[in-house]
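The values are calculated or read from the model by the stated rules, or taken from the named source; none is laboratory data. Predicted model, so just to flag it, every value in this text is computed and none were measured. Note that each Cβ is placed from the backbone with ideal geometry, even for glycine, and that neighbours are counted across all protein chains shown. All accessible areas refer to the heavy atoms of the entire protein, side chains included, with ligands and DNA or RNA removed. Shrake-Rupley method; radii C 1.70, N 1.55, O 1.52, S 1.80 Å.
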Amino acid sequence: MPGILDGRVALVTGSGRGIGRAVAEALAAAGARVAVNYSRDREGAVETAERVGGGRAYHADVSKREDVHRMAEEIHRDLGKVSILVNNAGVLYPMDLEHYDDKLMWRMVGVNMMGARIHSA
């Protein structure tokens, strides 16, 4: 019996480990070709790509529009048009007002909010 997602291409951001890896594996099990995104953990992303059988790891900082566009072009060339997007990438830097860091706060905004916006546009 063919998988429910046979012929579909899925992109899972931040899928080198954790929830992203589990989602990538589930999509692959349902028949999708999975593009694995990472920004820092190349080794983990390559491992995820191997686990999803034929997937591929793509480097991109999801908070940077030019990285996202380049990655989308690479995925389209390698796997086809993305029809499933899972905006999983996220960062968290717990801090209190006494130790507030603008740079880290803007990084969270960039990845957690703008990353989803850039991918969805």
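Near G55, the amide H atoms lying under 5 Å from its own belong to V34; only residues 5 or more places off or on other chains count, and H is placed 1.01 Å from N. Under 5 Å from the amide H of R17 lies no amide H of any residue 5 or more positions distant or on a separate chain, with H modelled from the backbone and absent for Pro and chain starts.
Give me the percent of accessible area attributable to carbon and sulfur for the chain, probe 1.4 angstrom. Roughly 54 percent of what the probe reaches on the chain is carbon or sulfur. Does the stretch 72-121 come out rounded, prolate or oblate, given a ≥ b ≥ c as the square roots of the eigenvalues of its C-alpha gyration tensor, rounded meaning a/c under 1.5 and, failing that, prolate meaning a/b above b/c? Here the stretch 72-121 falls in the prolate category.
Here the peptides 84-90, 101-107, 7-13, 70-76 are ranked by packing, the mean other Cβ count within 10 Å, and the order with the highest first is 7-13, 84-90, 70-76, 101-107. Give me the net charge of I75's neighbourhood, meaning all other residues with Cβ under 14 Å from the Cβ of I75; Lys, Arg count +1, Asp, Glu -1. Every neighbour counted, the sum reads +2.
Heavy atoms of the protein chains alone define the surface here; on that basis the chain has 60 Å² accessible area per residue at 1.4 Å probe size.
Over the stretch 1-76, Cα pairs under 8 Å with separation of 6+ residues give a relative contact order of 27 percent.
The Kirkwood radius of the chain, taken over pairs of alpha-carbon atoms, gives through the Stokes-Einstein law at 10 °C and 1.306 mPa s a diffusion coefficient of 109 µm² s⁻¹.
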